[in-house]
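J.: First, the structure itself, so that you have it in front of you.
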Amino acid sequence: STPSGAVHLTAPEPLLPLLVEPLADFRSRFPAIDLQVSFSDRFYDLSRREADVALRPSPEPPEDAVGRRVTSVAWAVYASVEAVRAAPAGGLPWASYGDALSRLVAATWWQAHHGSEAVLMAVNSVSAMRRVIACSPCRGVLPCFVGDTDPTFVRLQGPIDAPESGLWLLVHSDLRRSVRVRALLDHLWEALVVRRALLAGECPRS
């Protein structure tokens with residue numbers, strides 16, 4: 001039968017550029033599925049049905065979800081090309097992660113290795129970190145799939161030596177046999193596996 005009905009996907013906002021084309025293709029292939037997408041750094045609770053499917057960076061999936069590990073997610077230190085031209089990279093102040101993102105592997109790595117160094121400002125999202133690095137003479141830690149795809153950035157260091165975080169494609173166990181959910185899971189898997197090298201930080205610009 002033709003898959004139909006509503007499916008709610010949640011994914012971190014930085015993944016939006018990688019997912020726009022695959023999700024548009026999914027809508028064309030499955031017009032009877034009402035696809036709802038929430039791009040947010042907040043972790044939606046699958047057990048409370050805040051979302052049906054989640055793309056989530058995590059060392060391991062939560063107990064109430066099942067899924068597949070797409071790949072590792074690498075992080076590295078970046079600055080703008082303009083900032084590096086104007087000052088030695090080692091002399092640039094840092095932008096750091098604060099608030100709820102202070103538990104990120106990137107944040108704990110930075111605190112352990114550079115926590116005593118000068119900080120320009122703390123941010124509460126990866127998207128904010130990208131904007132601060134782009135607009136200010138500073139350096140900061142970004143996922144490689146964000147930093148390596150921006151031609152105005154240069155990778156200064158990395159991937160960083162931090163505990164590995166994987167990108168998981170997750171669904172609540174009660175929904176794994178749903179035809180419409182299965183269609184989305186399979187489609188996203190096919191779209192993401194071809195981007196494994198980018199996500200794992202293996203595609204730095206020369």
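J.: Any idea which residue in segment 1-46 is surrounded by the most Cβ atoms within 10 Å (Cβ to Cβ), counting only those that are of a type in the set (Phe, Trp, Tyr) and closer than 17 Å to Leu192 by Cβ?
T.: Among them, the one singled out is Phe26.
J.: Confirm whether Ala118 is within 19 Å of Val73 (Cβ to Cβ), open to solvent by 50 Å² or more (accessible area, probe 1.4 Å) and of a type outside the set (D, E, K, R).
T.: In short, no.
J.: Sort out which residues of segment 121-145 are open to solvent by 30 Å² or more (accessible area, probe 1.4 Å) and under 23 Å from Ala200 (Cβ atoms), and write them in order of number.
T.: Ser127, Arg130, listed by residue number.
J.: Of all residues in segment 146-182, count the ones that are in a helix (DSSP H, G or I), of a type in the set (A, V, I, L, M) and buried (at least 19 other Cβ atoms within 10 Å of the Cβ). Before the answer, list the steps.
T.: First, pick out the residues of segment 146-182 that are in a helix (DSSP H, G or I): 146-147, 173-175, 179-182.
Those still in the list that are of a type in the set (A, V, I, L, M) too: 146, 175, 179, 181.
Now restrict to residues that are buried (at least 19 other Cβ atoms within 10 Å of the Cβ): 146, 181.
Residues meeting the conditions: 2.
J.: Residues in segment 52-72 that are touching a residue at least 60 places away in the same chain (Cβ under 8 Å) and either under 14 Å from Leu175 (Cβ atoms) or not in a strand (DSSP E or B) (or both): how many?
T.: 11
J.: Could you tell me whether Pro57 is within 18 Å of Val70 (Cα to Cα) and open to solvent by 30 Å² or more (accessible area, probe 1.4 Å)?
T.: Against the criterion (within 18 Å of Val70 (Cα to Cα) and open to solvent by 30 Å² or more (accessible area, probe 1.4 Å)), Pro57 qualifies.
J.: Could I ask something else about it? Considering only segment 83-107, state which residues are open to solvent by 70 Å² or more (accessible area, probe 1.4 Å) and either modelled with pLDDT under 85 or more than 21 Å from Val154 (Cα to Cα) (or both).
T.: Pro88, Asp99, Ala100, Arg103
J.: So Arg49 passes all but one of these: (1) surrounded by fewer than 17 Cβ atoms within 10 Å (Cβ to Cβ); (2) in a helix (DSSP H, G or I). Which condition number does it fail?
T.: The number of the failed condition is (2).
The values are calculated or read from the model by the stated rules, or taken from the named source; none is laboratory data. Since we're looking at a predicted model, the values are computed, not measured. Backbone-built Cβ (ideal geometry, glycine too); neighbour counts: all protein chains shown. These accessible areas exclude ligands, DNA and RNA; they are computed on the full protein's heavy atoms, side chains included. Shrake-Rupley method; radii C 1.70, N 1.55, O 1.52, S 1.80 Å.
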